[in-house]
Amino acid sequence: NISWFTDSMREGRPVAVETRHLIQDTLPSEGPTPTSVAIVSQYACQRRTTIENNNSIFTDAFEVLAESYEFSELEGQCLAFRRAASVLKSLPCEVRRQEDIRDLPWMGEHTKAVMEDILQYGHSFEVERMLSDKKYQTLKLFTSVFGVGPKTADKWYRKGLRSFSDVLTEPSIHLNRMQQMGFLYYEDISRAVSKAEARALGSIIDEAVRAITPDGILALTGGFRREKEFGHDVDFIVTTPEPGRENSLLPDIIERLKQEGILLYCDYQASTLDISKLPCPRFEAMDHFAKCFLILQLEGSKVEGGLSRSKEGGRGWKAVRVDLVSPPVDRYAFALLGWTGSRQFERDLRRFARLERQMVLDNHTLYDKTKKEFLAAQTEKDIFAHLGLEYIEPWQRNA
Ligand code: DCT
Ligand code: MG
C-alpha cells in the first residue's frame, strides 16, 4: 500500500530532550526493592525498543484510536497516540499504576484517560466502542486490501458500500490493477509473512541478483531487519558498486523473476532522483529511488518448515508482497536507515535532526543547515555519528 509513506507530521515544540522517569517495583510482597531510574527521551531515536513489548495491553488500544483518527484525517490526535504507544513500547517493564507514567513524555490527557480505564477495568470503553463502530470496521476492512488507502476506503464507505462483495459488484467502481491484485490474492496477502518465508524470498532475490551482477549488494530491510517475527511484506535494498548501473538492476531482476514464472504482479517506478534538488524542502511522500512493488509466487517447498498458511487450497504456494528499492551506492546508508523503520523511529530521527541539530535528514541525504553542507555516510553508524546520537541497532528500532 503506497500510502505507507504518507508521513504528515504535526509537531509540537520540543520539551526537554530527556525526561526523568522513575520505574519502581510495585509488588509489596517483595519488600524494599532498589529503585531504578531510567531516562526516557521524547525522541524514539534516543530509546532502545526491541520487539518485546511489555505494554501491549495499552499500545494495542492506542493503535485502534490512532487508526480511527487516521481514517478521520485528524493527524494531530493520531500522532499523539502513536507517540504515546511508542514510549510505552520502550519501557523495560509493565505499567501497573498511573504514577508509573507520571514523568514519561507524550502522555496527554486523552492518553491517560484511556490508560486509567485499562488499569481499572482491564479494557477501555472508548476502544471497545470504536471496535464495534460500523464505519471503523468497514474502513479497516477496505484498507486491508493491497492498493486501497484511507481515501479510497472512505469514498467507498460514503457510497454505502460495506463489504467486499458490495465493492466488487458495484458498477460505478473501477479498480486499478493494484487493487484488482489485492482482491485476487487477498487470502494470501492479508495473512502475515513469516521469518522463514522472508528468508526463502531473500534466497530467491539473492540468486537473481548474483545471476545479473556478481558484485551486486542485497540487504534485507523493513520489519524483518528489525527482527520482527512476522510482516505484511518483505523489503529489500539492492544496489551495485558501479555508479549508474543500479538503474538497470531492478528491470533485470524483474525480467528474471518473470522468466522463473513467479512474478504475479509488478509496479515498477523508475528513479526520479535529482541530486541537485536535494535536500527536499520538506519530507516528501516517497523517496526518489527506483523501486518496485511486487507480488511473488512463493513455493512451499522453498520454505523451511513449509508455508505459514494453514490451508493452502491444495496449490502448494503463497502469494507474497515484496518491495525492492534501488539507490545509487553512495546513497545506500541513507536508504537502508530510512527503509529499516520503524515508522515512528524514522519520524523521530528526522524530527531530532531538524529540531536538535538544525539538519535535514531524509532517505537520500543528511544536510547541515548551519554549515551549509551535505554530510556523507558509508554506513548507518556514520549517520548516527553525524547526528551526535548513540548508535541504535536495527533490532532496537521497533519504536
Ligand atoms: N517507512 C517510513 N515512513 C512511512 C512508511 C514506511 O519511514 N510512513 C519506512 C519504515 C519501514 C519501511 O519504510 C518499510 O515499510 P513497511 O513495510 O510498511 O513497514 P515494516 O516496518 O516493514 O512493517 P511490516 O512488517 O508490516 O512490513
Ligand atoms: Mg515491511
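Summary of computed values
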quantity	calculated
Subset of the stretch 343-362 [of a type in the set (A, V, I, L, M) and either touching a residue at least 40 places away in the same chain (Cβ under 8 Å) or within 16 Å of ligand 1 (Cβ to nearest atom) (or both)]	Leu349, Ala353, Leu355, Val360, Leu361
Residues located in the stretch 201-232, provided they are in contact with a helix residue (DSSP H, G or I) (Cβ under 8 Å, 6 or more places away or on another chain), away from ligand 1 (no atom under 16 Å from the Cβ) and in a helix (DSSP H, G or I)	Ser203, Ile204, Ala208, Val209, Ala211, Ile212
Per-region count, the stretch 178-200, residues in a loop (DSSP other than H, G, I, E, B) and more than 16 Å from ligand 2 (Cβ to nearest atom)	1
Only listed residue being surrounded by 17 or more Cβ atoms within 10 Å (Cβ to Cβ), modelled with pLDDT of 95 or more and either away from ligand 1 (no atom under 13 Å from the Cβ) or assigned to a helix (DSSP H, G or I) (or both), chosen from Phe142, Phe236	Phe142
Criterion violated by Asn247 - all others in (1) outside any strand (DSSP E or B); (2) under 12 Å from Val329 (Cα atoms); (3) within 11 Å of ligand 1 (Cβ to nearest atom) satisfied	(3)
Only listed residue being farther than 28 Å from Arg397 by Cβ, of a type in the set (Gly, Ala, Ser) and at pLDDT below 95, chosen from Gly261, Gly305, Gly313	Gly313
Unique residue being within 16 Å of ligand 2 (Cβ to nearest atom), out of contact with any Gly (no Cβ under 6 Å at 6 or more places or on another chain) and free of Cβ contacts under 8 Å to residues at least 60 places away in the same chain when the list is Lys291, Lys258, Lys277	Lys291
Given (1) touching a residue at least 40 places away in the same chain (Cβ under 8 Å); (2) under 29 Å from Ala153 (Cβ atoms); (3) over 26 Å from the mean Cα position of the chain (by Cα), index of the condition Met130 fails	(3)
Criterion: more than 14 Å from ligand 1 (Cβ to nearest atom), touching a residue at least 24 places away in the same chain (Cβ under 8 Å) and among the β-branched types (Val, Ile, Thr) - qualifying residue of Thr340, Thr365, Thr370	Thr365
Arg162 being more than 14 Å from Leu296 (Cβ to Cβ), away from ligand 2 (no atom under 14 Å from the Cβ), in a helix (DSSP H, G or I) and out of contact with any Pro (no Cβ under 7 Å at 6 or more places or on another chain)	no
Pairs with Cβ under 7 Å, 6+ apart, first in the stretch 221-236 and on the phi > 0 side of the Ramachandran plot and acidic (Asp, Glu), second more than 7 Å from ligand 2 (Cβ to nearest atom) and in a helix (DSSP H, G or I)	Glu227/Trp395
Test: residue in the stretch 52-66 that is modelled with pLDDT of 50 or more, out of contact with any Gly (no Cβ under 9 Å at 6 or more places or on another chain), part of a loop (DSSP other than H, G, I, E, B) and within 15 Å of ligand 1 (Cβ to nearest atom)	yes
Complete set of residues in the stretch 211-224 that are more than 9 Å from ligand 2 (Cβ to nearest atom) and not aliphatic (A, V, I, L, M)	Thr213, Pro214, Asp215, Gly216
Unmet requirement for Gly244, which otherwise passes all of (1) in contact (Cβ under 8 Å) with a residue 60 or more places away in the chain; (2) away from ligand 2 (no atom under 16 Å from the Cβ); (3) surrounded by 15 or more Cβ atoms within 10 Å (Cβ to Cβ)	(3)
Qualifying positions in the stretch 124-150 - in contact with an Asp or Glu (Cβ under 7 Å, 6 or more places away or on another chain) and either among the hydroxyl-bearing types (Ser, Thr, Tyr) or farther than 29 Å from Met178 by Cα (or both)	Ser124, Phe125
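The values are calculated or read from the model by the stated rules, or taken from the named source; none is laboratory data. None of the values given here were measured: they were computed from a predicted structure. Reconstructed Cβ throughout: ideal geometry from the backbone, glycine too, with neighbour counts over all protein chains shown.
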